[in-house]
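One structure is given below, encoded as structure tokens.
The values are calculated or read from the model by the stated rules, or taken from the named source; none is laboratory data. This one's a predicted model, so the numbers in the text were calculated from it and none came from an experiment. As a convention, Cβ positions derive from the backbone with ideal geometry for all residues, glycine included, and neighbour counts pool all protein chains shown.
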């Protein structure tokens, strides 16, 4: 993450006037969305892959890799996530 991105994120986190937001799901039986912060794009991609692998293994073949979506809101989209 570039110094500019870090500065922007820190500005958003430290701005006490910003409206506090939370993640939630409208699906009563689903898992809650996860908000994560990672050291770099590689760590983020590894966690995403690990979590999808864990979910597919625990579902006994009901879920496949193509059944997952990754929702991101950020200032940039790291190329490593695409691979």
Residue, modelled with the lowest pLDDT, within region 14-45, restricted to residues that are surrounded by 10 or more Cβ atoms within 10 Å (Cβ to Cβ) and over 16 Å from residue 71 (Cα atoms): 18
Reported set for region 52-81 where residues are modelled with pLDDT under 70, surrounded by fewer than 10 Cβ atoms within 10 Å (Cβ to Cβ) and not in a loop (DSSP other than H, G, I, E, B) is 79
